[in-house]
Amino acid sequence: MDPIILGPKRPCPGDLAARPYSSPAATDRLLESLLSLSDPSPSLDLSLERLIDSTPRELDKELLVEAALEVGSALLEAALRSARKRASSHNAAAWPLPPDLTVKVFSMLDTRSLCHAAATCSMFNKCAVDPLCYANIDLTAVVPKVNNTVVSTMIQRAGRNLQSLKLGIWPSPSSAEISQSMSYSSRNSIDTSGPSWNEKKPRQGRESSVLSRSCLLALSVDGGTAGALLKRLHLYNIDKIDGPALCTALSACQSLIDLEVIGLHIELRRTLDAVSTYCHSMKRLSLESSETGRDDSLKSTTCLDLVTGCPNLISLALRGFKLQDHKVKILVKGLHYLKVVDFSTSYSITGIFLRNLVNGANAPALEVLILRDCLHLKEVEIARFLSAVLGGDCQLLKYLDISNKDGLSAEEDWNNRCYNPRIPIMQVLEARPDICLVAEFPQEASFVDIESSSNSQVSRSSDGQIFSSSSLQMMPSLSLDLSSANSSESNYNSDQGSGNDDGQDAAYVAYDGDSFDDADYQSPW
């Protein structure tokens with residue numbers, strides 16, 4: 001049999017390797033002829049149909065269709081790229097600012113707006129990746145969306161330019177916890193910029209954060225380059241971050257001056273130890289327990305270390321922890337620059353430490369004092385403190401919050417609640433119009449609801465303060481205990497008979513959760 005001689009293989013239309021090479025000039029002429037068609041859609045349609053009909057094999061017809069789709073897709077992508085390039089060139093020519101000023105403008109945007117600007121065009125995208133644009137990273141939101149990769153990428157982009165980092169989630173504003181209350185307050189304005197405390201307080205029964213305990217590791221890599229110059233660190237309700245992870249991050253942030261931690265599973269003593277060890281420039285410290293009233297880890301030695309390690313503290317907020325009066329005294333008396341104090345929802349504070357805020361040359365110059373919802377806060381201590389304010393002490397005090405959703409504690413037994421406390425609220429408002437005094441207490445059933453009562457008469461004083469006639473019912477009974485509160489300066493001196501020295505007040509010692517050695521500790525102040 002004669003051998004069968006096969007000719008050269010017929011090239012398949014879809015085989016790219018078999019397609020003849022065309023020079024750029026030939027491709028340009030071919031594309032120019034295609035683009036010069038007055039009505040390309042029917043022309044190309046008819047031409048492709050004729051080419052397919054002239055092909056005898058079905059396989060080749062399918063390959064022709066695939067090749068047409070490939071060429072059409074390539075042509076579409078090329079057209080889109082050209083359109084983006086022209087738009088970018090147009091934006092660059094029309095945008096009035098040079099790149100350096102554009103970066104400056106972008107650095108003033110919040111993180112969400114910066115991401116939106118980066119997606120606008122390639123010119124804005126190039127400017128938006130500049131490290132200066134990520135000096136202040138704010139990835140807080142109501143709904144958790146940001147993961148570790150996004151946080152790490154932005155921190156690495158910022159590098160040594162990172163100044164502020166805010167992460168986490170907070171619940172949407174809820175209704176007021178006290179539905180029926182007796183409220184007294186002056187009408188002085190208070191700066192409430194940023195999310196309120198109710199908006200940032202620990203979440204309960206909400207979705208958990210996407211971030212994990214390793215979301216802050218980028219601050220420590222490369223020798224802590226990103227965290228070296230960080231000034232502000234705010235963390236809200238990131239339930240997967242624990243104490244060791246936070247302390248590791250703080251060790252890399254030795255320039256930190258503002259730390260706010262809310263809703264994290266951390267131990268107060270360990271956190272304060274890390275702050276006093278690494279963050280000596282701290283000026284604002286705000287910590288809130290994720291489980292109110294359960295953390296009693298704070299020791300007197302920890303308070304002393306914080307006073308020594310962070311002497312420049314101006315604002316201190318420790319909310320939801322078990323704080324005893326003698327420990328609070330160490331902090332308030334030892335931090336000489338302290339102006340803002342917030343011990344809200346601190347279960348063990350009785351108010352005895354307030355005796356150390358008045359009298360003497362070393363009395364703290366507080367401007368803001370918040371003791372909201374402190375379960376053991378005694379009515380008699382508040383009465384004594386307000387009487388001292390009426391006597392001329394605490395001249396720098398501008399804001400005082402003694403509200404309590406459970407009422408103030410009685411002198412003998414904290415289980416006996418004072419819903420209509422006998423304290424000189426009205427006298428303070430009249431004598432010190434510069435103070436914004438907030439005192440909200442739940443009403444007993446025997447009292448008339450001030451806001452809903454149609455018979456209550458509202459009057460306005462000359463300085464613009466508003467009072468209700470039903471709220472004045474408590475005024476005649478104010479003289480019962482005030483005489484003893486004002487009877488002697490020695491009874492309310494900061495050094496004699498204050499009850500802040502451990503072991504001097506029986507009720508005070510009962511609230512102390514420290515060991516015997518710590519309870520016997522004598523504060524040098």
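A few notes on this one:
- Candidates are the residues of the range 216-263 that are part of a loop (DSSP other than H, G, I, E, B) and among the basic types (K, R); the one that is least open to solvent (accessible area, probe 1.4 Å) is K231.
- Top-ranked residue of the range 290-311 - restricted to ones that are assigned to a loop (DSSP other than H, G, I, E, B) and over 23 Å from the mean Cα position of the chain (by Cα), ranked as farthest from H326 (Cα to Cα): P311
- Residue within the range 82-99 that is at pLDDT 80 or above and over 30 Å from A128 (Cβ atoms) present: no
- Residues in the range 34-68 that are among the hydrophobic types (A, V, I, L, M, F, W, C) and open to solvent by 80 Å² or more (accessible area, probe 1.4 Å) were compared, and the one that is farthest from the chain's Cα centre (by Cα) is L51.
- Among residues of the range 137-150 being touching a residue at least 40 places away in the same chain (Cβ under 8 Å) and touching a strand residue (DSSP E or B) at 6+ places or on another chain (Cβ under 6 Å), the one that is surrounded by the fewest Cβ atoms within 10 Å (Cβ to Cβ) is P144.
- Among the residues of the range 127-136, the ones that are open to solvent by less than 20 Å² (accessible area, probe 1.4 Å) and within 17 Å of the chain's Cα centre (by Cα) come to 1 in all.
- Within the range 217-242, residues that are of a type in the set (S, T, Y) have Cβ atoms under 8 Å from residues that are in a helix (DSSP H, G or I) and buried (at least 24 other Cβ atoms within 10 Å of the Cβ) in these pairs: S220/A249, counting only partners at least 6 apart in sequence or on another chain.
- Residue check for S300: buried (at least 19 other Cβ atoms within 10 Å of the Cβ) and closer than 21 Å to L230 by Cβ: no
- Candidates in the range 381-416 are the residues that are open to solvent by 50 Å² or more (accessible area, probe 1.4 Å) and closer than 19 Å to S346 by Cα; of these, the one that is nearest to the chain's Cα centre (by Cα) is K405.
- Residue among L268, L217, L272, L264 that alone is modelled with pLDDT of 95 or more and either farther than 17 Å from K166 by Cβ or among the aliphatic types (A, V, I, L, M) (or both): L272
- Residues satisfying the stated conditions in the range 114-171, i.e. in a loop (DSSP other than H, G, I, E, B) and under 16 Å from R232 (Cα atoms): A135, L162, Q163
- Of all residues in the range 373-393, those satisfying the criterion of being among the hydrophobic types (A, V, I, L, M, F, W, C) and under 16 Å from F343 (Cβ atoms) are C374, L375, L377, I382, F385.
- Every residue from the range 411-439 that is in a loop (DSSP other than H, G, I, E, B), closer than 15 Å to R384 by Cα and not charged (D, E, K, R): P421, I423, P424
- Candidate set from the range 275-297 (those that are charged (D, E, K, R) and modelled with pLDDT of 95 or more); member that is most open to solvent (accessible area, probe 1.4 Å): K283
- Number of positions in the range 314-367 that are under 20 Å from D295 (Cβ atoms), assigned to a loop (DSSP other than H, G, I, E, B) and either open to solvent by less than 10 Å² (accessible area, probe 1.4 Å) or not basic (K, R) (or both): 12
- Scope the range 383-398; condition in a helix (DSSP H, G or I) and farther than 12 Å from L357 by Cα; matching residues: A383, S387, L390
The values are calculated or read from the model by the stated rules, or taken from the named source; none is laboratory data. All values derive from a computational prediction rather than experimental measurement. Glycine gets a Cβ as well: all are built from the backbone with ideal geometry, and neighbour counts include every protein chain shown. Each accessible area value is taken on the protein alone, full model and side chains, heavy atoms only, with ligands, DNA and RNA left out. Shrake-Rupley method; radii C 1.70, N 1.55, O 1.52, S 1.80 Å.
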